[in-house]
Amino acid sequence: MATATIVQVNSGLLTAAFSTIMGMPLSTDVTTSDQVEMTLKNGTFQTDVKANAKIEEIKAHLHELLGVPPDEQRLIYNGKQLEDGKIMSEYKISDESTLHLVARLNTTKPVVLDPRSLDPLHDFDFTYINDGHLTFTRGGERYVRPCGFKRFALNVSDKYENLLWIGCNNGMGEWPVSYHGTGKYEKKMIAEDGYVLTQGQEFPFTQGVYSTPDVCLAEKYAKKFTYNNEQYLVIFQNRVNPTTLRKLQATGPRIGDYWVSPSEADVRPYGICIRKV
């Protein structure tokens, strides 16, 4: 049986950051922690599902068959989690498709942070870097590097159709960089402030994922956490689909640009940025 070696360097800090983002305790010690997420290993079974069936209807059906409550289910197809409110055909799921069910069990024990989800070779320490007047470009847009942060890379090598989107040469198929904080600034989340700027504008979609190319703006929405009696901030570093991206110019006290993408599929996190306060 193949086993994964857990990298201990910075594992405590990174685990604390993920715990803050997810709102639950995590651990990197697989010998002392119970897995909260487990793939059901009862084999496969066939079931009739219509192409226009909603994801929550599938979960209700699985609840009847397997006894797993819908709010404890995660349905995965082609490496992507299926979202409630959408229908099967939106994911191009055919009659012969196989869905993977992951059950999220209710427990107070820590979740195991799978080291395979990380990519330490692409970690980068911007802590003592000051770009000054230097400029960088990704996907045709200015890239403001996360100076002052340590970036922990996420493993995206086999998650998408190719790696052109994460290129660093401003080449074809490359996506621009954005940041996202999951906390609140003056009692508002980044999506709330970004949504205000859409008022009076025409958009091809009414809901979306908000982020910003401005790392300083994202930092205002960063979540704080404590590790070894010191405080840190944590934000996501993403690539966003340039073909669906809409830009919002901010005015007033929240200076900075907000970007909005129509769906989670148009925003691909590839790094967790952490900075000591």
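What follows draws every value from the coordinates through simple rules; no lab data is involved. Quick caveat, the model's predicted, so the values are computed rather than measured. All Cβ positions, even for glycine, are placed from backbone atoms using ideal geometry, and neighbour counts span all protein chains on display.
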Other residues with Cβ under 12 Å from the Cβ of Asp266 give, with Lys and Arg +1 and Asp and Glu -1, a net charge of +2
Net charge (Lys, Arg +1; Asp, Glu -1) of residues whose beta-carbon lies under 14 Å from that of Tyr227, Tyr227 excluded, is +4
Residues Cys147, Cys168, Cys273 in order from fewest to most other beta-carbon atoms within 10 Å are Cys168, Cys147, Cys273
Exposure proxy check on Leu233, Leu164, Leu118: fewest-to-most Cβ neighbours within 10 Å is Leu164, Leu118, Leu233
Surrounding charge for Asp123, neighbours by C-beta under 10 angstrom, Lys/Arg +1, Asp/Glu -1, total 0
Cβ density ranking, 10 Å radius, fewest first, applied to Asp114, Asp158, Asp71, Asp257 yields Asp158, Asp71, Asp114, Asp257
Interchain or sequence-distant (5+) residues whose placed amide H lies within less than 5 Å of the amide H of Tyr227 are Tyr232
